[in-house]
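The values are calculated or read from the model by the stated rules, or taken from the named source; none is laboratory data. Given the structure is predicted, the values throughout are model-derived calculations rather than measurements. Using ideal geometry, Cβ is built from the backbone for each residue, glycine included, and neighbour counts are taken over all protein chains shown. Just so you know, the surface numbers come from the protein's heavy atoms only, side chains and all, with ligands and any DNA or RNA stripped out. Shrake-Rupley method; radii C 1.70, N 1.55, O 1.52, S 1.80 Å.
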Amino acid sequence: MARTVIPFGPQHPVFPEPVQLKLECEDETVVGVTPVIGYVHRGVEKACEINTLRQNIFLVERICGICSIQHALCYCQGIEELAGIEVPQRAHYLRTAWAELSRLHSHSLWLGLLADALGFESLFMQIWRAREIILDILEMTAGHRVITSACVVGGVRRDIDTEMLKKTSDMLAEFRKMMDKTILPTLLNDPTLKKRTVGKGILSYDQAVTLGACGPTMRGSGVPSDARSTGYAAFKELGFEPVVETAGDSYARTLVRTREIYQSIDLTLAALQQMPAGEIMVKAEAYPEGEIFTRVEQPRGELTYYIKANGTNHLDRCKIRTPTFANIPTLLVMLPGCELADVPVITLSIDPCISCTER
């Protein structure tokens, strides 16, 4: 049977990310795929060597707007450990709260894009309407809606008072109510969504481990891997447990993200209610020296930073590995065998972020 190579991307109405998948098809069935990246490379890692240690915080935050708090947190954790800086406990709890609000932002944004990819335009707008609540909380507590710039080496630059805490609790209750009553029941129980996701893009447990997947892509295949389990920031005190599904298909990855929405609401409230009084920042007295490998959990998966410092105000090296870069290889086993029409939804199920991938 004759085979046809169809270019999917880097510009596509269903997949607004600058990446290309060269799909090898027999009639309507995909039999092979070759990912092509490198369209928007920005040289961030080299810029980390040129900028000062403080400037790098603002630089890495702009690798990805949605995950900006996790990039800043991962970088600051590495510098703090190298420099022997003891971060105040209150700052750990505030970092955790903002990180989980960022996860809520990311997952609700992704659910809206899923609805849009399936043609549910009204549901897409309802989900993004709920997402506005999370952005309003970020603006109220951190001063910004997307790139929060809350983390600094030694702690955080803003505090949350009692009035903000009460308002945040009320707004999260409203967000939960919107998810409970209209959005998630409509989305998860819809027969069209199930037809397009159940049994589609299957990634087995062994394949997820072998290909080095991470985040909901890995946890949807039954692998209980989550960097938050290491107890960084305040996660150790909050009793965190990873969310896992075992089916390994696009629907399982959707379920992981929807369950994590509720988990993140609870973690945010717990962090804000349990955080101790005290300082939110200590001054960094010396420049770091040595090498460090640090990691945090982005909404899309594990983010890692390798930092090599030389005792000056500049780094020798800052190597960043983002979750989408790790998850793209899973498409090599998810897509072959699927129908051509299923490619956008399966690809979307890994929640690709080329802004992170193209550093």
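Just how far, in whole angstrom, is segment 24-85 from segment 205-246 if you go by their alpha carbon centroids?
The distance from the Cα centre of segment 205-246 to that of segment 24-85 comes to 20 Å.
With a point put 7 Å past each Cα toward its Cβ, work out how far Lys46 is from Lys195 in nm, to one decimal.
With each label placed 7 Å out from Cα toward Cβ, I get 5.0 nm.
Per DSSP H run of n ≥ 4, the term is -39500 (n - 2.57); total these for the chain, divide by its residue number, and report the mean residue ellipticity at 222 nm rounded to 500 deg cm²/dmol.
Using -39500 (n - 2.57) per qualifying helix, the result is -14500 deg cm²/dmol.
What are the residues whose amide H is under 5 Å from the amide H of Gly215, where those residues sit 5 or more places off or on another chain and H is modelled from the backbone?
Residues meeting the criterion, in which the H sits 1.01 Å from N, are Glu302.
Where the accessible area of the chain is counted over protein heavy atoms with a 1.4 Å probe, how much of it, in %, is carbon and sulfur?
C and S atoms contribute 53 percent here.
What is the local net charge at Ala309, summed over the other residues whose Cβ is closer than 12 Å to its Cβ (Lys, Arg +1; Asp, Glu -1)? Walk me through the intermediate numbers first.
Details: positive: Lys308, Arg317; negative: Glu49, Glu80, Glu81, Glu289, Glu291, Asp316.
Spelling it out: positives minus negatives among the neighbours equals -4.
Given N residues in segment 296-359, what is Rg(Cα) / (2.2 N^0.38 Å)?
Cα-based Rg divided by the globular estimate yields 1.51.
Which shape class, rounded, prolate or oblate, goes with segment 1-69 when its Cα gyration tensor gives a ≥ b ≥ c as root eigenvalues, a/c under 1.5 marks rounded, and past that a/b bigger than b/c marks prolate?
prolate
In a Debye calculation with equal point scatterers on the alpha-carbon sites of segment 79-234 and no solvent, what is log10 I(q)/I(0) at q = 0.08, 0.17, 0.19 Å⁻¹?
Computed log10 I(q)/I(0) values: -0.32, -1.14, -1.24.
Go ahead and run the numbers for FRET between Leu332 and Glu174, Cβ-Cβ distance against an R0 of 35 Å, rounding to 0.05.
0.25
Would you please put 298-310, 123-135 in order of how densely packed they are, using the mean number of other Cβ atoms within 10 angstrom per residue and starting with the highest?
298-310, 123-135
Place a +1 charge on the Cβ of each Lys and Arg in segment 218-273 and a -1 charge on the Cβ of each Asp and Glu, then give the dipole magnitude about the Cα centre in debye, rounded to the nearest 20.
It works out to roughly 100 debye.
Return one number: the angle in degrees, 0 to 90 and rounded to the nearest 10, between the long axis of the Cα atoms of helix 162-178 and the longest principal axis of the Cα atoms of the chain.
Tilt relative to the chain: about 10 degrees.
What's the extension gain from Lys167 to Arg145 if we count 0.36 nm per residue and subtract their Cα-Cα distance?
Here the segment from Lys167 to Arg145 would lengthen by 6.3 nm.
Under 5 Å between amide hydrogens, which residues at least 5 positions from Gly155 or on another chain qualify, with H placed 1.01 Å from N in the peptide plane?
The answer is Val282.
Inverting the mean 1/r over all pairs of different Cα atoms, compute the Kirkwood radius of segment 92-161 and quote it in Å.
Computed over Cα pairs of segment 92-161, the Kirkwood hydrodynamic radius comes out at 12.9 Å.
Among residues other than Cys25 whose Cβ falls under 11 Å from its Cβ, what is the net charge (Lys/Arg +1, Asp/Glu -1)?
Charge balance in the 11 Å sphere: -3.
Output the relative contact order of segment 43-158, whole-number percent, from Cα pairs under 8 angstrom with separation of 6+ residues.
Working: 126 pairs, mean separation 38.1, N = 116.
This gives 33 percent for segment 43-158.
With a Cα-only, solvent-free Debye model of segment 1-153, what are the log10 I(q)/I(0) values at q = 0.09, 0.17 Å⁻¹?
So the normalised log intensities are -0.44, -1.07.
Can you give the accessible area per residue of the chain, in Å², using a 1.4 Å probe? Intermediate values should be presented prior to the final figure.
Numbers: 14540 Å² over 359 residues.
For the chain, the per-residue accessible area is 40 Å².
Which order do peptides 33-45, 205-217 fall in by mean Cβ count within 10 Å, highest first?
205-217, 33-45
Going by Cβ distance under 4.7 Å, what cysteines of the chain have no possible disulfide partner?
By the Cβ distance rule, which asks for a partner under 4.7 Å, the isolated cysteines are Cys25, Cys74, Cys76, Cys151, Cys214, Cys338.
For Ala47, what charge total do you get from the other residues with a beta carbon under 15 Å from its beta carbon, if Lys and Arg give +1 and Asp and Glu give -1?
+2
Pop a pseudo-label 7 angstrom from the Cα along the beta-carbon direction at both Val31 and Ala2 and give the gap in nm to one decimal.
Once both label points are built, they end up 1.3 nm from each other.
Pulled fully out, how much extra length does the chain show between Phe293 and Gln55, if you take 0.36 nm times their separation in residues and subtract their Cα-Cα distance?
83.7 nm
Determine, from the Cβ-Cβ distance of Lys319 and Lys22 and an R0 of 22 Å, the FRET efficiency 1/(1 + (r/R0)^6), rounded to the nearest 0.05. List each step's numbers first, then the result.
On the way: r = 28 Å, r/R0 = 1.28.
E(calc), rounded to 0.05, equals 0.20.
Please work out the C-alpha center-to-center distance from segment 308-359 to segment 171-194 and express it in whole Å.
Cα centres, segment 308-359 to segment 171-194: 28 Å.
How big is the Cα convex hull of segment 152-309 in projection, averaged over all directions, in nm²?
Averaging across all directions leaves 11.8 nm² for the Cα convex hull.
Taking amide H atoms as placed 1.01 Å from N in the peptide plane, list the residues 5 or more away in sequence, or in a different chain, whose amide H sits under 5 Å from that of Arg62.
none
Once you have the alpha carbon radius of gyration of segment 202-246, what is it after dividing by 2.2 N^0.38 Å, with N set to its residue count?
The reported ratio for this selection is 1.23.
Over every pair of different alpha-carbon atoms in segment 149-211, take the mean of 1/r and invert it; report that Kirkwood radius in Å.
One decimal place: 16.3 Å for the Kirkwood radius.
Mind ranking 95-101, 228-234 by how tightly packed they are, going by the mean number of other C-beta atoms within 10 angstrom, highest first?
95-101, 228-234
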